[in-house]
Amino acid sequence: MKTLLASSLLALMAATPALANKAFVSNERGNTITVVDTETWEVLTEFDGGNRPRGITMSPDGTKLYVCASDDNIVRVFDTETYEELESLPSGPDPELFVLDPEGQYLYIANEDDNLVTVTDTGTRTIKAEVPVGVEPEGMAISPDAKWVVNTSETTNMAHFISTEDYQIKHNVLVDQRPRYAQYTDDGTRLFVSSEIGGTVSVMDIAEDGTPSMVGKIAFEVPGVLPEWLQPVGIKITQDGSRIFVALGPANRVAVIDGESLEVIDYILVGQRVWQLAFTPGQDFLLTTNGNSNDITVIDVAAEKAIKSVPVGQQPWGVVVTPN
Amino acid sequence: MRRIFAPLSAALMCMGLAGQASALDVRAAVLRIDSPRLLPISRYDLTPDDLGFAGAMLADDDNGTTGSFLGHTYETAQVSASPEDADAALDGLLADGVRLIVVMAEGPDLLRLTDRAAQEGALVLNATAPEAELRSGECRASLLHIAPSNLMLADAVAQFAVWKKWDEWFLVSGSNPADQALADAYRRAARKFGVEITEEREFEDTGGSRRTDSGHVLVQRQLPAFTQGAKRHDVLVAADDTDYFARYLPYHLATPRPVMGSAGLRPVTFHAAHEAWGTTQFQTRFEDLTGRYARPEDYNVWLALRVIGEAVTRANTNDPQEIRDYALSGAFELAAFKGQKVTFRDWNGQLRQPILLYDGMITVSVSPQEGFLHQTSPLDTLGLDRPETDCTAFN
């Protein structure tokens, strides 16, 4: 225990960047955003996030915070320094998750109630397109070259591949029940889709022209945990693709998967109902939102160990960290 | 560590890529047999004209949206009939070529219709009949049960009571056969989970109208007298399938105790205020489409047609036998807004599912309760388990 603590401290010190970054956590029930210093892991402040804040992301320069205020049917925009609300963006009804293109211009938003993906221009604050997708769109991913947006539909159980050129769906891939989240590798050659009720993560190879092909499915098992509670949700992948981290919801664990063999190599015990994940810049730490224990867990990525938990607001849902 | 990354075989990969599915038209029907019933005690329980059919409309929308990516279309006919006209209505559907039929009927009608439909190779999905016997000695190979049995509902209540340590019950049952069947389910649940029924009484159905002006005056005098002198109990469990007295029990007991079962905390498949596990989206879709709140019967019909849709999507077939076989296979699983996948018991065709415990306004709890374990699935702690059923049609 002592050595663990010491090594964690060392890791903390070694990882300390010159400038502290800030993690923003959306608290679904508390209707707030908690701001955490990623150097000291102290809560800096908590501010009003609108009604039922869930999906949360940031402009590439780290100045603007975008929050899906699901019950307000808008995306709220906040200044990441002053925490003032700057403006709101039209999102279509009940926005839950979204993804921002690498340039920061277009937000691709899943509208659960309307079977649509809404494309919102963050500059002109107008809706650029609406793409009909499957029933209950949820997960959103964008390819690194920004040519493809992937949406997962929870009741249709598909990953829809939308071309950002003409906003048409070009490919549909069936996955297991209730797909929640999609994530490309940084080199864009693979896509991972988590199925919460199916209990699996689907793995697809992505050809150069963006065409997906199913490689296989990753399943989970933890001794002493009912298989029903192994519900994969959030996914993050290290830059080099060597490790894939999957939040397992009510199993209260994050699975660590080898990027090469796609085998699960470890399960990291975190807080209760772990939902979404975010790396700190440089990927020294991985943060997890734990909806039923009202905290975030800090995972040391190199050591693959949980080193700290930080209490935040009520029912934390999503998390994003300012870039360096 | 067991190898848990499963690379796909070539055949499976083709199925995984949705673009390669072939065009299919899926024609189904909801056949609702409207038996004459007295009006309910509460106006909130008045039956909407489109009961069940509304669920079919939403299912066609949902299945159709998914089908649009695969070249599959869904069309579900809605037919209601009196018990006397039920057979003719079924024959009409069969003559029309429909072989996937969701039936909303009482047990005896359901069995007769299932046997007739089986002669034409049709698959029947039971959306409402709760009798245990339909899942045991009277099971049919071509009949899948979406509706939970009385036994599942009673077990859901009993598990919650045990979790609360309310292990002494006062059981009050109605006098009609359906009420007695439900009371049997509660007696069985009590034995199964170690609950003691310390007192049992029957509240006789003397007939007559359910509704009278200022009837509460009489109720307020009668029920305390009816319930007084009962042996010590933690909770009153009501078995009133006919819906003629249980609704009056809360607040009128001689000893102040919670009521569960047919009033108070009720076991249901669904209610319109349920929001967990993304259900809000089901509710808003349903309300936008139909202009009213969803009933359990609507959900059951929706779920029956989603079972068909899921089998069509995954197995790429509209053949009733192949849909049945896929639904009963280990490959079948379906998300149904219950927090875990629902699957079928392949020994009697019953859908495994969590049961909501509903107080009339919100979800109070969901059974199976924590700590009730089973070697196959915690869901099999609800209702007839494999060794308990007399069903042989699935062997």
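The values are calculated or read from the model by the stated rules, or taken from the named source; none is laboratory data. Just so it is clear, the structure is predicted and the values come from calculations on it, not from any experiment. Here the Cβ is made from the backbone with ideal geometry for all residues, glycine too, and neighbour counts use every protein chain on show. Just so you know, the surface numbers come from the protein's heavy atoms only, side chains and all, with ligands and any DNA or RNA stripped out. Shrake-Rupley method; radii C 1.70, N 1.55, O 1.52, S 1.80 Å.
If only one of A:Val233, A:Val225, A:Val256 is at pLDDT 95 or above, within 14 Å of chain B (Cβ to nearest Cβ), surrounded by 15 or more Cβ atoms within 10 Å (Cβ to Cβ) and outside any strand (DSSP E or B), which one is it? When all the criteria are applied, what remains is A:Val233. Given (1) outside the structural domain of B:Arg247 (by TED's automatic domain parsing); (2) of a type in the set (A, V, I, L, M); (3) buried (at least 19 other Cβ atoms within 10 Å of the Cβ), identify the lone condition not met by B:Ala141. Of everything listed in (1) outside the structural domain of B:Arg247 (by TED's automatic domain parsing); (2) of a type in the set (A, V, I, L, M); (3) buried (at least 19 other Cβ atoms within 10 Å of the Cβ), B:Ala141 misses just condition (3). Out of B:Ala21, B:Ala59, report the one residue that is at pLDDT below 95 and within 14 Å of chain A (Cβ to nearest Cβ). Criteria check complete, one pass: B:Ala21. Please go through segment A:112-135 and pick out each residue that is of a type outside the set (Val, Ile, Thr) and either surrounded by fewer than 22 Cβ atoms within 10 Å (Cβ to Cβ) or modelled with pLDDT of 95 or more (or both). Result: A:Asp113, A:Asp114, A:Leu116, A:Asp121, A:Gly123, A:Arg125, A:Lys128, A:Ala129, A:Glu130, A:Pro132, A:Gly134. Return the residue satisfying two criteria in turn: it lies in segment A:199-222 and is at the interface with chain B (Cβ under 8 Å from one of its Cβ atoms) and open to solvent by 40 Å² or more (accessible area, probe 1.4 Å), and of such residues it is farthest from A:Gly318 (Cα to Cα). Filtering segment A:199-222 for residues that are at the interface with chain B (Cβ under 8 Å from one of its Cβ atoms) and open to solvent by 40 Å² or more (accessible area, probe 1.4 Å), the one farthest from A:Gly318 (Cα to Cα) comes out as A:Ser213. Scanning segment B:159-210 for residues that are of a type outside the set (Phe, Trp, Tyr) and in contact with a strand residue (DSSP E or B) (Cβ under 7 Å, 6 or more places away or on another chain) yields a total of 24. In segment B:232-266, the qualifying residues are those that are at pLDDT 95 or above and at positive phi, and the one that is least open to solvent (accessible area, probe 1.4 Å) is B:Gly261.
Do we have any residue at all in segment B:44-52 that's modelled with pLDDT of 95 or more and either within 14 Å of chain A (Cβ to nearest Cβ) or within 14 Å of B:Val102 (Cα to Cα) (or both)? Yes, segment B:44-52 has at least one match.
Take the conditions (1) open to solvent by less than 10 Å² (accessible area, probe 1.4 Å); (2) under 24 Å from A:Gly62 (Cβ atoms); (3) of a type outside the set (A, V, I, L, M); A:Thr322 misses just one of them, which is (1).
Could we say that A:Leu174 is within 14 Å of another protein chain (Cβ to nearest Cβ), more than 19 Å from the chain's Cα centre (by Cα) and within 25 Å of B:Ala335 (Cα to Cα) here? Taking the combined requirement at face value, the residue satisfies it. Considering the conditions (1) more than 24 Å from B:Gln159 (Cα to Cα); (2) open to solvent by 50 Å² or more (accessible area, probe 1.4 Å); (3) modelled with pLDDT under 95, B:Gln281 is excluded by exactly one of them, (2).
Any idea which of B:Asp34, B:Asp85 is open to solvent by 50 Å² or more (accessible area, probe 1.4 Å), within 19 Å of B:Gly107 (Cβ to Cβ) and without any contact (Cβ under 8 Å) to a residue 12 or more places away in the chain?
B:Asp85
Residue by residue, here is whether (1) more than 14 Å from every other protein chain (Cβ to nearest Cβ); (2) at pLDDT 95 or above; (3) over 30 Å from B:Ile197 (Cβ atoms); (4) open to solvent by less than 10 Å² (accessible area, probe 1.4 Å) holds:
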| residue | (1), (2), (3), (4) |
| --- | --- |
| B:Val268 | yes, yes, no, no |
| B:Trp277 | no, no, yes, no |
| B:Tyr299 | no, yes, yes, yes |
| B:Val312 | no, yes, yes, yes |
| B:Leu328 | yes, yes, yes, no |
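Looking across segment A:154-170, the residues that are open to solvent by less than 40 Å² (accessible area, probe 1.4 Å) and within 14 Å of chain B (Cβ to nearest Cβ) come down to A:Glu154, A:Thr155, A:Thr156, A:Asn157, A:Met158, A:Ala159, A:His160, A:Phe161, A:Ile162. Of the strands (runs of 3 or more DSSP E) lying entirely inside segment A:34-75, those containing at least 1 residues that are out of contact with any Gly (no Cβ under 6 Å at 6 or more places or on another chain) and surrounded by fewer than 18 Cβ atoms within 10 Å (Cβ to Cβ) span A:43-48. Taken over segment B:112-149, the criterion of being more than 18 Å from the chain's Cα centre (by Cα) and outside any loop (DSSP other than H, G, I, E, B) is satisfied by B:Arg112, B:Leu113, B:Asp115, B:Arg116, B:Ala117, B:Ala118, B:Gln119.
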